[in-house]
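K.L.:
Mind looking over this structure? Questions follow.
The values are calculated or read from the model by the stated rules, or taken from the named source; none is laboratory data. Just so it is clear, the model here is predicted, and its values are computed rather than measured. Cβ coordinates were reconstructed from backbone atoms using ideal geometry, including for glycine residues, and neighbour counts include every protein chain displayed. With ligands, DNA and RNA removed, areas are computed over all heavy atoms of the protein, side chains included. Shrake-Rupley method; radii C 1.70, N 1.55, O 1.52, S 1.80 Å.
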Amino acid sequence: MTEKTIEEAEKPVSKDCNYEGIDLDLISYFGGKFIPLREANVNIMTHAFQYGTGVFEGIRGYYNAEEKQMYIFRMKEHYERLHNSCKLIRLELDKTVDELCKITVELMKRNKPECDMYIRPNVYKAGIVVGPSLINKNGGNPTGLSICTMPMGDYVDISKGLHVCVSSWFRVEDNALPARGKIQGSYVNAALSKTDALLTGFDDSIVLSGDGHVSEGSAMNLFIVRDGKLITSGVASNILEGITRATIIELAKNEFGIETMERQIDRTELYVADEAFFCGTGAQVSPITKIDNREVGTGKPGAISKKLQDLYFDVVKGKKAKYKNWCEPVF
Ligand code: PMP
């Protein structure tokens, strides 16, 4: 493995995935209004800025050029999870899932995108207060809501197969910082494992729980294939209960008759698996071809991973009538 310089490690994986070049004129939703991103700023004393006390979502909108339509994928499920994340850290969000969906569709309409987009809602402790308590002392620590959106291509390379490592960083534990919630502060854990993997020359990382079992990827869920069956870590393995994970389980069963076992995965099962892939809103379906310098299966993206990837892209672009109810049209 060749170590990478910081410049090499920071190179975006696709040209539309330019983390530094976000257009500040894009419209965002902040303080109950639709305003340009450049005006959507928080005070440096904001509780969430000091303590990471916010929760968020990552949602994708796929642009279907033939239909000139933007489809937001499983938006309702993302906002249901956002509500659950709020519960975990006592955020009182005064918007229903339906209201959040409506705001998001309006936001997309105002930006008139003609490419694939990423949507990032945040709900956070917006008080200008010192002290980590989550109690909203007489309204002194109110809840903030922001939603912004930006063009996004591939977050990891989805075509050639990823070369990943098992991270030396463990996944955050449910009793310490629940991974079930998409909590801002816990992404320092993802940042540590991803950064060290990139700087070592890997594309990404797999994190283990403290007990040594496989949890998930740095910011994505993980599937392996053994003897034609899918296996993924169960919800008690410190994973984020991924919406793409649920999508894959359902598609694999309905369309290919492939069952998924949700159970603990040993580290060494990774080395003997026939196939492996990451999945997530950002990661989409990304075949893994090497883990810790060992080839996965043949060392090429596996057949099951490939067919799930192809189907996934048809589904998210609204090309499969059966699953069109997962795709919310914007226009
Ligand atoms: N795990 C983590 C830690 C994540 O950040 C993500 C991305 N949201 C996922 C898994 C995948 O979840 P989803 O498919 O809902 O995007």
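K.L.:
If residue 258 passes every condition in (1) in contact (Cβ under 8 Å) with a residue 12 or more places away in the chain; (2) under 14 Å from residue 165 (Cα atoms) but one, which one does it miss?
P.N.:
Only one criterion is unmet by residue 258, namely (2).
K.L.:
Can I ask one more? So is residue 107 farther than 24 Å from residue 312 by Cα and open to solvent by 30 Å² or more (accessible area, probe 1.4 Å) or not?
P.N.:
Values: farther than 24 Å from residue 312 by Cα: yes; open to solvent by 30 Å² or more (accessible area, probe 1.4 Å): no.
No, not satisfied.
K.L.:
Let me ask another. So, of the residues in the range 204-254 that are buried (at least 24 other Cβ atoms within 10 Å of the Cβ) and among the acidic types (Asp, Glu), which turns out to be nearest to residue 283 (Cα to Cα)?
P.N.:
If we take residues in the range 204-254 being buried (at least 24 other Cβ atoms within 10 Å of the Cβ) and among the acidic types (Asp, Glu), then 204 is nearest to residue 283 (Cα to Cα).
K.L.:
Checking the condition more than 14 Å from the ligand (Cβ to nearest atom) and either touching a Leu at 6+ places or on another chain (Cβ under 8 Å) or more than 22 Å from residue 169 (Cα to Cα) (or both), which residue from 196, 203 passes?
P.N.:
Numbers: 196 fails: either touching a Leu at 6+ places or on another chain (Cβ under 8 Å) or more than 22 Å from residue 169 (Cα to Cα) (or both).
Going through 196, 203 in turn, just one is more than 14 Å from the ligand (Cβ to nearest atom) and either touching a Leu at 6+ places or on another chain (Cβ under 8 Å) or more than 22 Å from residue 169 (Cα to Cα) (or both): 203.
K.L.:
Filter the range 281-301 down to residues that are open to solvent by 10 Å² or more (accessible area, probe 1.4 Å) and small (Gly, Ala, Ser) and give me whichever is farthest from the ligand (Cβ to nearest atom).
P.N.:
Keep residues of the range 281-301 that are open to solvent by 10 Å² or more (accessible area, probe 1.4 Å), which gives 281-282, 289-290, 292-295, 297-301.
In the following step, the residues that additionally are small (Gly, Ala, Ser) were identified as 282, 297, 299.
On the way: 282: 6, 297: 23, 299: 25 Å.
The extreme case among them is 299.
K.L.:
Please work out if residue 301 is closer than 29 Å to residue 184 by Cα and touching a Gly at 6+ places or on another chain (Cβ under 6 Å).
P.N.:
On the way: closer than 29 Å to residue 184 by Cα: no; touching a Gly at 6+ places or on another chain (Cβ under 6 Å): yes.
No, not satisfied.
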